[in-house]
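What follows is a structure written as structure tokens; I'll ask about it next.
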Amino acid sequence: MKKEQLDEMDVNILKILQHNSNTSYRLIQKDLGISIGTIHNRISKLKSENGGPIEGYTLKLNNARLGYELTFLIRIQVDGKHTEELLTKICEKPEVCSVFHTTGEQSAALICRFKKSEDVHNFIREINKEKYVTRTISDMVLKTYKNSSFVEIQ
């Protein structure tokens with residue numbers, strides 16, 4: 001299902017759920033003026049197993065309140081034929097939030113969160129020890145203005 005196939009009601013439901021995926025059908029009904037049965041049917045149609053854009057629901061945690069106050073952008077240069085193998089391995093590390101295979105001088109970019117600077121140091125040292133890593137560049141994020149993996153529905 002492509003965005004062009006979504007009607008205004010589908011888009012409005014997605015906007016509400018994107019703002020708060022825990023919104024009850026009753027609140028959606030109140031906002032949109034449609035029956036709960038219609039909402040249920042529309043959301044079922046919008047789920048990915050039915051070809052729709054909803055892949056699931058998730059919990060948004062406050063990283064700082066959990067002690068993860070340091071955010072780093074880490075770029076990695078890898079011997080090209082081993083990039084996928086290395087990135088698959090890196091995905092398993094709990095401090096890694098995002099992994100991107102990129103074009104340009106570096107082969108990959110990571111977004112990682114850490115509790116202490118020592119944790120960052122150890123993580124980067126481990127990455128640099130990997131057989132096919134030729135270089136890492138790390139940048140600490142000073143302030144986050146926007147952080148989302150998804151485009152807001154318009």
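Since every read-out is calculated from the coordinates, none of them should be taken as a lab result. Since the model is a prediction, treat every value here as computed from it, not as a measurement. Glycine also receives a Cβ, built like all others from the backbone with ideal geometry; neighbour counts cover every protein chain displayed.
Rounded if a/c is under 1.5, else prolate if a/b beats b/c, else oblate: with a ≥ b ≥ c from the C-alpha gyration tensor eigenvalues square-rooted, which is the stretch 52-154?
Values: a/c = 1.91, a/b = 1.27, b/c = 1.50.
Taking the square roots of the gyration eigenvalues as a ≥ b ≥ c, the stretch 52-154 is oblate.
First select every other residue whose beta carbon is under 12 angstrom from the beta carbon of residue 105; then total the charges, Lys and Arg +1, Asp and Glu -1.
Summing Lys and Arg as +1 and Asp and Glu as -1 gives +2.
Within 10 Å of each candidate Cβ there may be at most 12 other Cβ atoms; applying that plus a DSSP loop requirement, which trypsin sites (Lys or Arg not before Pro) in the stretch 1-71 survive?
On the way: sites: 2, 3, 15, 26, 30, 42, 45, 47, 60, 65; in loops: 2, 60.
Answer by residue number: 2, 60.
Which net charge results when you count Lys and Arg as +1 and Asp and Glu as -1 among the other residues whose beta-carbon is under 15 Å from that of residue 78?
Details: positive: 75, 81, 89, 129, 131, 135; negative: 79, 84, 85, 105, 126, 130.
Summing Lys/Arg as +1 and Asp/Glu as -1 gives 0.
Let me ask something additional. Given a cut-off of under 8 Å on Cα pairs at least six residues apart, what relative contact order in percent is computed for the chain?
24
Whole Å is fine, so just give me how far the alpha carbon centre of the stretch 98-154 lies from that of the stretch 1-45.
35
Right, next: Net charge within 12 Å of residue 116 by Cβ-Cβ distance, Lys/Arg positive one each and Asp/Glu negative one each, not counting residue 116 itself?
Local net charge: -2.
Over the stretch 64-140, what is the relative contact order in whole percent, taking alpha-carbon pairs under 8 Å and six or more residues apart?
The value is 46 percent.
With the cut-off at 1.5 for a/c, could you classify the stretch 14-98 from its C-alpha gyration tensor as rounded, prolate or oblate?
oblate
Could you tell me what percent of the DSSP beta bridges with both partners in the chain are antiparallel, to the nearest 5?
Around 95 percent of the beta bridges assigned by DSSP in the chain are antiparallel ones.
I would also like to ask the following. Once fully extended, how much extra length lies between residue 48 and residue 81, figured as 0.36 nm per residue of separation less the alpha-carbon to alpha-carbon distance?
Working: separation 33, 0.36 × 33 = 11.88 nm, distance 3.23 nm.
So the chain would gain 8.6 nm between residue 48 and residue 81.
Taking amide H positions as placed in the peptide plane 1.01 Å from N, state which residues far from residue 107 in sequence (5 or more) or on other chains have amide H under 5 Å from it.
Here 76, 77, 78 satisfy the definition.
Taking a ≥ b ≥ c as the square roots of the Cα gyration tensor eigenvalues, with a/c under 1.5 meaning rounded and otherwise prolate when a/b beats b/c, else oblate, which class fits the stretch 3-50?
The shape class here is rounded.
Another question about this same structure. Stretch residue 132-residue 91 to full length: gain in nm at 0.36 nm per residue minus the Cα-Cα span?
Net length gain for the segment: 13.2 nm.
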